[in-house]
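These notes are about the structure you will find just below.
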């Protein structure tokens, strides 16, 4: 997909985050969010799961080389830097990041792409997806039926 503008996704649960489960940076993002979201607004699905592959296909994301994460908010799918900005606006103490909305989306996406293209080299890659602990397991979705 060349245009990563928000798209309708009214059939998906609000707060759902699609991420690259073998990327150390991406898994770190999820680990960062969990303790800062004690109400459990956000739920997570790794692109390597069956549910993640289905979402990736829907949004035109290459499962073998995911070029974006996705967050569902207010019935819309948000991509790249917009995705992070949508999540940060819900986190106490992180609302200041809204200042990045002043940058044009094309510039935000260019910066996002620079990090995304180099994420495995800079941060590493694991052989398997992030495994949630039992106390947060309910926040991770793996099967397409869980997306409803």
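The values are calculated or read from the model by the stated rules, or taken from the named source; none is laboratory data. What you are looking at is a predicted structure, and each value in this text was computed from that prediction instead of being measured. All Cβ positions, even for glycine, are placed from backbone atoms using ideal geometry, and neighbour counts span all protein chains on display.
Here are a few things to note about the model shown:
- For the residues 27, 46, the requirement of being in contact with a helix residue (DSSP H, G or I) (Cβ under 7 Å, 6 or more places away or on another chain) and touching a residue at least 12 places away in the same chain (Cβ under 8 Å) singles out 46.
- Residues that are in a helix (DSSP H, G or I) and free of Cβ contacts under 8 Å to residues at least 40 places away in the same chain, drawn from the stretch 107-137: 107, 108, 110, 111, 114, 117, 118, 121, 137
- Residues that are more than 8 Å from the chain's Cα centre (by Cα) and either under 17 Å from residue 22 (Cβ atoms) or at pLDDT below 95 (or both), drawn from the stretch 62-72: 62, 63, 64, 65, 66, 67
- From the list 87, 115, the one residue that fits, being in contact with a strand residue (DSSP E or B) (Cβ under 7 Å, 6 or more places away or on another chain) and surrounded by 11 or more Cβ atoms within 10 Å (Cβ to Cβ), is 87.
- Residue satisfying all of: in the stretch 53-79; buried (at least 19 other Cβ atoms within 10 Å of the Cβ) and free of Cβ contacts under 8 Å to residues at least 60 places away in the same chain; farthest from residue 125 (Cα to Cα) among these: 73
- Against the conditions (1) on the phi < 0 side of the Ramachandran plot; (2) surrounded by fewer than 14 Cβ atoms within 10 Å (Cβ to Cβ); (3) modelled with pLDDT of 90 or more, residue 39 satisfies every one except (3).
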